[in-house]
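J.: What follows is a single structure, and I will ask about it in a moment.
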Amino acid sequence: MYALRMTARFTVLIVTMYLLSYSSNVSAQNEAVERVATLSHSGYVQGASWGEGNRSILTWGDQFANIWSIEGVLLLSLPHPDNVLEARWLEGNTRIFTWSYHGIHIFSVDGMLQVEISDEGNISGYVLNHDETRIITWSYDKAVKLWDTNGQLLYTIPHKADTVQAYWNADETLIVSWDESTTIYITNVNNGHTVEFSHEEWFEQPNAIYDYLVFPGDVIISPDSQYILTILGNKLHLWTVEGVHLDTFTHDDSVDEAVWSRDSRQFISWSFDNTARLWTIDGSVVAILHHNNSVGGAKWNNDESQILTWSYDSTARIWSNEGQLLVTLSHGNLDSEGQSIIVPEIPWTDNVDSAIWNADQTRILTISSPFGYCPQECVYAAYLWNSDGELIARMSHESTVFGVSWDPDEDFIVTWSADRTAKLWDEDGNLIATLSHNSRVISAVWSADGNSLITVSEDYIVSVWHVT
């Protein structure tokens with residue numbers, strides 16, 4: 001026991017010395033950014049969020065949820081029996097909601113436990129409704145359950161197998177859920193009535209399900225709540241919400257995901273067959289959007305006149321809503337003609353991992369990372385483009401870029417990376433500051449006014465920065 005106490009004291013000393021050195025570990029270039037607080041934890045940090053008025057911070061992770069002042073003073077610590085996977089403010093920051101596999105807890109801001117939903121100690125997922133009055137949960141007991149935020153169980157939706165996922169439709173009148181038996185469940189929130197439908201009759205033989213995933217890859221309800229798309233292998237199935245099967249849409253390889261148009265008359269799907277495809281609900285294909293490698297994602301612009309796709313072929317591409325290629329955004333180790341400058345025989349060198357438009361659709365942010373072997377120096381970067389496909393800036397890191405985001409006013413861009421830095425850039429992609437950390441930076445969160453920034457790193461540290 002004495003040895004343990006001495007070890008603990010030595011550990012505290014080392015951590016204290018580390019934090020003192022850490023607090024000065026900021027690039028001298030950072031005239032525009034000041035670290036105002038360091039929030040130190042004893043365990044892994046899953047995430048952080050701003051409180052009301054940007055004057056407090058909620059952090060969560062390894063058996064804790066903590067509330068801090070923006071100056072870094074610990075105001076409240078809420079211990080948990082296992083890892084806190086997610087935490088959030090409720091009801092205008094008057095309550096705190098946490099989720100772990102052990103259960104859901106709701107606390108007052110003075111730390112009083114008000115609600116505990118343990119569901120026999122194993123909740124594998126949850127989703128709140130918009131006004132934060134009801135909670136859907138699912139676990140490994142072959143059921144989805146609806147609760148109010150006072151902890152009262154409203155009803156249970158039995159499933160045939162373990163639940164994969166559940167969510168609300170747009171107006172929160174339906175609960176959509178599915179399980180590992182490939183059965184879909186559409187439940188009326190008001191009366192608990194459930195419609196079930198299964199994929200079993202679309203398998204050529206009884207055990208053919210095992211040639212696919214054990215469960216549908218995704219189940220996507222249309223914005224008007226009239227149709228359901230389900231993904232299974234290389235096929236998409238279209239159903240009514242009453243369970244009537246309408247049509248099947250086929251790719252040449254496994255389908256990754258799909259997204260509906262706002263009017264629920266069309267949808268885009270993308271696949272490992274190197275295409276995204278635009279379909280109408282009557283079964284016709286409007287356009288096939290070709291890439292040279294698997295497509296990682298697709299989305300419409302605001303008025304749905306254009307489609308943005310990104311791929312493992314080192315490009316993101318902009319298309320008209322009729323399938324005409326408008327712009328190609330070439331990434332990484334490619335020249336202006338889109339050819340590899342490392343190994344000419346290899347037609348692509350980078351994965352484009354994500355792509356987003358800004359609010360007025362005039363600019364695009366993308367992230368890419370090297371694909372496979374790099375015989376020379378690899379390029380890890382986020383890219384800033386205009387809507388004509390011209391590269392404005394390549395915002396480089398020395399290792400994988402995990403994320404990128406604009407501040408609320410789109411005056412600044414933050415990137416964060418496995419190279420132990422977050423970087424702040426101006427609206428044209430010029431480097432303003434390098435925010436050095438002692439471990440990989442896994443997230444960055446802007447305050448609502450864009451004047452402050454939280455970064456979370458894997459060394460159990462949350463840093464608070466003021467951007468001038």
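J.: So, ALA448, is that one in contact (Cβ under 8 Å) with a residue 40 or more places away in the chain, outside any strand (DSSP E or B) and either on the phi < 0 side of the Ramachandran plot or in contact with a Cys (Cβ under 7 Å, 6 or more places away or on another chain) (or both) or not?
T.: Criteria met by ALA448.
J.: So, GLY429, is that one part of a loop (DSSP other than H, G, I, E, B), of a type outside the set (A, V, I, L, M, F, W, C) and more than 22 Å from the chain's Cα centre (by Cα) or not?
T.: Working: part of a loop (DSSP other than H, G, I, E, B): yes; of a type outside the set (A, V, I, L, M, F, W, C): yes; more than 22 Å from the chain's Cα centre (by Cα): yes.
In short, yes.
J.: Next up: Which of the residues belonging to segment 344-380 are in a strand (DSSP E or B), touching a Phe, Trp or Tyr at 6+ places or on another chain (Cβ under 9 Å) and at pLDDT 90 or above?
T.: Passing the criteria: VAL352, ASP353, SER354, ALA355, ILE356, ARG363, ILE364, LEU365, THR366, ILE367.
J.: Have a look at LEU246, LEU229 and point out the one that is surrounded by fewer than 17 Cβ atoms within 10 Å (Cβ to Cβ), in a strand (DSSP E or B) and at pLDDT 95 or above.
T.: Going through LEU246, LEU229 in turn, the sole match is LEU246.
J.: When ASP252 is evaluated against the numbered criteria (1) charged (D, E, K, R); (2) outside any strand (DSSP E or B); (3) within 19 Å of ASP350 (Cβ to Cβ), which criterion, by number, is the only one it fails?
T.: ASP252 satisfies every listed condition except (3).
J.: Further, regarding this structure: Output the residues belonging to segment 110-123 that are part of a loop (DSSP other than H, G, I, E, B) and either among the charged types (D, E, K, R) or crowded, with 17+ Cβ neighbours inside 10 Å (or both).
T.: Those that are part of a loop (DSSP other than H, G, I, E, B) and either among the charged types (D, E, K, R) or crowded, with 17+ Cβ neighbours inside 10 Å (or both): ASP110, ILE123.
J.: Still on this model: Go through segment 255-289 and report how many residues are assigned to a strand (DSSP E or B) and hydroxyl-bearing (Ser, Thr, Tyr).
T.: Of the residues in segment 255-289, 4 are assigned to a strand (DSSP E or B) and hydroxyl-bearing (Ser, Thr, Tyr).
J.: Kindly indicate whether any position in segment 316-330 is modelled with pLDDT under 90 and assigned to a loop (DSSP other than H, G, I, E, B).
T.: no
Here's the yes/no breakdown for (1) out of contact with any Leu (no Cβ under 8 Å at 6 or more places or on another chain); (2) farther than 21 Å from ARG394 by Cβ:
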| residue | (1), (2) |
| --- | --- |
| ARG420 | yes, no |
| LYS423 | no, no |
| LEU431 | no, no |
| HIS437 | yes, yes |
| VAL445 | no, yes |
| LEU453 | no, yes |
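J.: I've got another one for you. Within segment 68-82, is there a residue that is farther than 27 Å from TRP138 by Cβ and touching an Asp or Glu at 6+ places or on another chain (Cβ under 9 Å)?
T.: Among the residues of segment 68-82, at least one is farther than 27 Å from TRP138 by Cβ and touching an Asp or Glu at 6+ places or on another chain (Cβ under 9 Å), which makes the answer yes.
J.: Can you work out which of the residues in segment 132-162 that are within 19 Å of THR98 (Cβ to Cβ) and charged (D, E, K, R) is surrounded by the most Cβ atoms within 10 Å (Cβ to Cβ)?
T.: LYS145
Results for (1) surrounded by fewer than 22 Cβ atoms within 10 Å (Cβ to Cβ); (2) of a type in the set (D, E, K, R); (3) in contact with a Cys (Cβ under 9 Å, 6 or more places away or on another chain), shown as yes or no for each residue.
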| residue | (1), (2), (3) |
| --- | --- |
| HIS397 | no, no, no |
| ALA422 | no, no, no |
| THR434 | yes, no, no |
| GLU458 | yes, yes, no |
| THR468 | yes, no, no |
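J.: I want to confirm something. Restricting to segment 179-194 and keeping residues that are under 26 Å from the mean Cα position of the chain (by Cα) and aliphatic (A, V, I, L, M), which single residue is surrounded by the most Cβ atoms within 10 Å (Cβ to Cβ)?
T.: Once the filter is applied, the top-ranked residue is ILE186.
J.: Would you point out the residue of segment 42-68, among those that are more than 24 Å from the chain's Cα centre (by Cα) and in contact (Cβ under 8 Å) with a residue 24 or more places away in the chain, that is nearest to SER439 (Cα to Cα)? Steps first, please.
T.: Filtering segment 42-68 for residues more than 24 Å from the chain's Cα centre (by Cα) gives 42, 53, 55, 68.
Retained after the next criterion (residues that are in contact (Cβ under 8 Å) with a residue 24 or more places away in the chain): 42, 68.
Working: SER42: 15, TRP68: 22 Å.
Selected residue: SER42.
J.: Of the numbered conditions (1) assigned to a strand (DSSP E or B); (2) within 26 Å of GLU91 (Cβ to Cβ); (3) within 23 Å of the chain's Cα centre (by Cα); (4) at pLDDT 95 or above, TRP138 fails exactly one; give the number of that condition.
T.: (4)
J.: Which of the residues spanning segment 163-178 are more than 20 Å from the chain's Cα centre (by Cα), surrounded by fewer than 18 Cβ atoms within 10 Å (Cβ to Cβ) and of a type in the set (Ser, Thr, Tyr)?
T.: The one that is more than 20 Å from the chain's Cα centre (by Cα), surrounded by fewer than 18 Cβ atoms within 10 Å (Cβ to Cβ) and of a type in the set (Ser, Thr, Tyr): THR173.
J.: Return the residues of segment 384-426 that are farther than 24 Å from ASN301 by Cα and hydroxyl-bearing (Ser, Thr, Tyr); say none if nothing qualifies.
T.: Hits for segment 384-426 are SER396, SER399, THR400, SER417, THR421.
J.: How many residues, within segment 76-90, are surrounded by 14 or more Cβ atoms within 10 Å (Cβ to Cβ) and either not in a loop (DSSP other than H, G, I, E, B) or not hydrophobic (A, V, I, L, M, F, W, C) (or both)?
T.: Number satisfying all stated conditions: 9.
The values are calculated or read from the model by the stated rules, or taken from the named source; none is laboratory data. Given the structure is predicted, the values throughout are model-derived calculations rather than measurements. Methodologically, a virtual Cβ is constructed for each residue, glycine included, from the backbone with ideal geometry; neighbour enumeration extends over all protein chains shown.
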